[in-house]
Structure formats: structure tokens, C-alpha cells
1. Out of all the residues in the stretch A:153-186, which are under 16 Å from residue A:338 (Cα atoms), in contact with a helix residue (DSSP H, G or I) (Cβ under 8 Å, 6 or more places away or on another chain) and part of a loop (DSSP other than H, G, I, E, B)?
2. Residue A:68 versus (1) in contact (Cβ under 8 Å) with a residue 24 or more places away in the chain; (2) within 11 Å of chain B (Cβ to nearest Cβ); (3) on the phi < 0 side of the Ramachandran plot: which is the lone unmet condition?
3. So, restricting to strands (runs of 3 or more DSSP E) that lie completely within the stretch A:209-287, which ones have at least 3 residues that are within 22 Å of the chain's Cα centre (by Cα)?
4. Which of the residues belonging to the stretch A:73-89 are surrounded by 15 or more Cβ atoms within 10 Å (Cβ to Cβ) and within 14 Å of another protein chain (Cβ to nearest Cβ)?
5. Are there any strands (runs of 3 or more DSSP E) wholly within the stretch B:35-142 with 1 or more residues that are touching a strand residue (DSSP E or B) at 6+ places or on another chain (Cβ under 8 Å) and closer than 27 Å to residue A:97 by Cβ, and if so which?
6. At pLDDT 95 or above, farther than 22 Å from residue A:34 by Cβ and surrounded by fewer than 19 Cβ atoms within 10 Å (Cβ to Cβ): which single residue out of A:326, A:312, A:380 fits that description?
7. Across the stretch A:90-109, which residue is nearest to the other protein chains (Cβ to nearest Cβ) among those that are assigned to a helix (DSSP H, G or I) and more than 19 Å from the chain's Cα centre (by Cα)?
8. Report whether or not residue B:91 is modelled with pLDDT under 95 and more than 30 Å from residue A:95 (Cα to Cα).
């Protein structure tokens, strides 16, 4: 089959590789119809995630049709149309039983290494690093789905791929970011980053009852898309964000703040230059420029929700601001599986049509150039969907 | 992570000073009877510890183990179970004259409500001088606790999910995988 493979920092390539096969009894094989490039794929592309290996198959946002099931899979059959959550979860351990699927005890074959890095191992992930199991991803024609009886979620025929493919990651990720804010009537939510996760966080915050959502970015088309979702926008290159948020909230500050940027933040001023330098020289692994502002901006007693990905060590975090304002932190990879019935209902009710975020639909063969386009935010690129069956 | 040489709560080391000792615990969301039953039958061990090639039961309390070490080296020895309290503890040790003196025990106890049961595995090896000792040291690696933890986690996976998580056999764009593809076509 054809698959997008990692060939070193800044270099993806479409290769012919062996087709995946069933390895374990709960596996299924999916023939992929849509697969996306995620912002977190860019962290791998840019070489900031350790333990990605030359030749690894990329991609963790994919859907398709079941073409083979393992001997223990009873709830799926060949021909079923499914989306596949990016978090691989067994459904049986303490964490899965408590709807914390991204913390699954059993899905990471490399748990010992993750434990050495983080204290305990989180779930395995598709198309990510070997610290998270090194599972082959879904930017390919086929993928093996481990624990497919828990992972694959069936999609009704009357919904399109474009409407449902984001159930794999960014829609639940934006939703969980908003849910983690514990929104009360009248709340203001401020969101750093108007990428796809930020866009879904904006819409989810309103669905969960926010009065006002303020979105912060610098890229015009992303800010336009945020305004289409009824957010007010601020440009961090032009506005004094902390002052502006105070004025928009009668001096109180936002009740909750969302860092939908993560480890490769852009920013301005001395802090940003410090981060670029220390990250480039490996003195810190992540660049928390956005997170610092997020902590400064949050009102007293507010909640900080972090869907943006961090991988390692960060520097000069204003812990005094967080501590003395009594902030609550909520974060982590998304618990995709338990959110799916609810989010599917929003789609079927017409409360949201997730396809709004797509700017590019291209054949799989064009993935390498689209990684660059997406990273550089060229050509108005916000979200790329790769179509293995589209003719190049 | 529990380190090698972590304190053993119930008994002192069988091989003081010269051996490698690892103590490692995991909590498993399965009935204690199922966990005990697995360890009560030593022929199950190769399923979760791939360095054990085979275990043949030779008597009421004895078994013959074959383990494989790096470099194609094999070592065989006889093991006796000297403690077996259902749903509490099983302890074994190699018999006199074994190339690799080794011992182990597995203890079971209930975790707090809704959390399953705790399994604590203790293993001890005395690497002999020479090739076998070197191969054993290589097998256990720089952090023997991590080596043993891997197998304890595979046991948990097997008990909780019915299979062990793996990527062995999946495709990649690395050259050996591509070669395989060319051969199969």
C-alpha cells in the first residue's frame, strides 16, 4: 500500500510499504477513505518529538471501511464505516472503566519507556512516537486498529466523511478543552490559537453555555473563521492581550482560558526569543510562549485548560501567578471514545457541522507538500484532508 | 518506578550482595483467583515472559525451565515451589547445581474497592562467571527493574484485555519492511 512515512526532520515521503495485517485477536483492518494532517503531526515533522523513527507511518485522524476483523471482534463486520479515535484504549482497565481512555493502562507496548519519562505510561497513539507505542498511523491506504472493538465507532450512511472524520481527534479535543473549563452561565472563555482545535473549542464553549468567547491568533483567515463561530478576536502581534481581555470583561478577566497552541508557540518580545533559543539548543524541549500569557490572563480562581500538546520540559512558567490566583489546571490527551455518542448527537441535530474547518482536500500522494503548506500556513491552509482514493 | 534493589517488604534476599534483585508491583482489574491461577501453572509463564522458552512440570512441586539468553545461549535448570498459599503467595527457587541460581515469588492482595488486585513480583538472579553470566546481565540490561516491569505489564495486559499490546509485524517504510514487501510480491 501507499503510506506517508517520516524520513527525518522536515521530510515526509509517500512510500510503498507492506499492507497491515491482523496481529492480535481484537484488531481490525480499515481501508482508509479520509485521513487528516493534525497540528500535532507538525511537532513530529519539525523534529520536536523524540523517538519518532525513520520510516514510521504517520497520521492519527482517519476513517474508513472495515475490511477484516480479528477473531475476538464481535461488534464490527466487514463493510462497516467507522471513525478511529487517535487514542488506543483497551476498554477494560481502571482508566478506561472511568472514561479516561487516553490514560489506558494496557495499550502502550512501550509503557516502560513512557514510565521512565513521565512516571506512568499514558495510552498508545497512532502515528506518533515510539514513546507512545510506535503504532503505524493512518495517512495510508490501510491501517491496523488494535482494540478495534473499543476503538472503531460506526458512522451512519447519511453523514459524509467530511462531517465525521474530525470525531477522530480535533472535534473531541476542542470539546474536551471547553468541557474542562467547567463553564457556568455568563462565563467568558479566552482561547489562544485559532487552529482547528481552537475552532472546535470556540463552538463547543458556546454549546456548553459560554456568554462570550475571545480567540487569540495572528493569522487573518483563522481569525475570520473564529469570528464566523461568533468569537471576538484579538491579534497578539497588535493588541496587548492582557489589557484587552480585562477591558472585555469589566476588569474581571476571563473565567477560563484555553491553550490550544502547545509546544511550538509563536509570540513576541524577549520571552519568545528566549524560548526559540533554548528550544533550538535543547535547553528546553517545548516552547511555552502562549502558556505564559494564558496563566497571566486568567482571572483569580479561574480554570486553565490545555489541549495544546506538550512533550517534555518547559522553562520560566509563571507559577507564582498560577499559585497566587488559585488557578485550576486541566489538561491531557483527549478521552475520545466516551465523548463520541454525545458529539455524534450534536452533528445529527445540526448543532455543528465539523466540515467547516476544511480548507484543502488532496490525494494522499500530495501529503509531503501539504505538510509544508500547513506548517507555513500558506494558501489559507487551516485543515488538510488526505483522500487515498482521489486521483493525483 | 521500583528500582532494582528496592526493599523487599516480607523477606530478605535469598542471595545477599552478589545477586540482582527486582521487586515490582502492578494492580490488575481481575479477580484474585484468576491472577493466582495463572501463576499457579508455571507452563503459563512463557506466554508473558518471552525469555522463558519452556517450562515442563516434572513433579508435584518441581518443574524444568529452559531460558534463552542473548547470543543464542540457552540455560536449563530445575525449579521447586517452596511456598504456595492460594490467592496469597507462590515462591520458587532453582535447585542445587543450577547454572543460574535464581528465585522468585509473586504475592497477591486486594487493592482498595473498585481497583482490582495487587500483584507483586520479586525475582532474583545470581549471574555466574563466564558467558552465561554475561548473557544474563545483557538480557536484564542497565535497569533490570524495567526489564522485569515489561513482563509484568504484559501479564496485566493479558489478564485485562486477553492479549498483549504489540507493534511487531506492522508495516513501516524502513528498508527491511520494504524488502519483505518485494519478496512477497
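The values are calculated or read from the model by the stated rules, or taken from the named source; none is laboratory data. All figures in this text were calculated on a predicted structure; none of them were measured in a lab. Cβ atoms come from the backbone with ideal geometry, glycine included; neighbour counts cover every protein chain shown.
1. Passing the criteria: A:155, A:169.
2. (2)
3. A:212-217, A:256-259
4. A:73, A:87, A:88, A:89
5. Where strands (runs of 3 or more DSSP E) fall fully within the stretch B:35-142 and carry at least 1 residues being touching a strand residue (DSSP E or B) at 6+ places or on another chain (Cβ under 8 Å) and closer than 27 Å to residue A:97 by Cβ, they are B:101-110, B:117-126.
6. Answer to the selection: A:326.
7. Taking the candidates together, the pick is A:94.
8. no
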